[in-house]
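Please read the structure below before turning to the comments.
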Amino acid sequence: MNVVDNSAKSRFELTVPEGTAFATYRREGDVVTVLHTEVPKALEGKGIGSALVKGLLEHARAQRLKIHPLCPFVVAYMQRHPDYEDVRG
């Protein structure tokens, strides 16, 4: 599964045949504030939300960006995965 940064819409997207999950953000310099994640009802409980967050964190790491999570789902994911502490901003 490939997470894409759709900068025109200020969101990270993960598209699968059943729909698109996304995380909206606001970027200021090298800090990306993740505001909200949304997973279509048909995809809930299938790990799509976690895959989306993992993908956006990997993108941030590769681009040397910092993530400031405001979305409770992203906050919880980062707490469960302390190996992403290096991207927390």
## Note on the structure
In degrees, nearest 10, the alpha-carbon axis of helix 48-62 is tilted away from the dominant principal axis of the alpha carbons of the chain by 30
### Message
For region 14-52, which GluC sites (Glu not before Pro) pass both filters: DSSP loop (anything but H, G, I, E, B) and at most 12 other C-beta atoms within 10 Å?
### Response
18, 44
## Note on the structure
The relative contact order of region 3-84, taking Cα pairs under 8 Å that sit 6 or more residues apart, comes to a percentage of 26
### Message
Which order do the peptides 70-78, 52-60 come out in when sorted by mean C-beta neighbours inside 10 angstrom, highest first?
### Response
52-60, 70-78
### Task
Mind pulling the per residue volume of the convex hull built on the Cα atoms of the chain? Å³ is fine.
88
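Only the coordinates and a few stated rules stand behind these numbers; no lab work does. These numbers come from a predicted model, not from an experiment. Cβ coordinates were reconstructed from backbone atoms using ideal geometry, including for glycine residues, and neighbour counts include every protein chain displayed.
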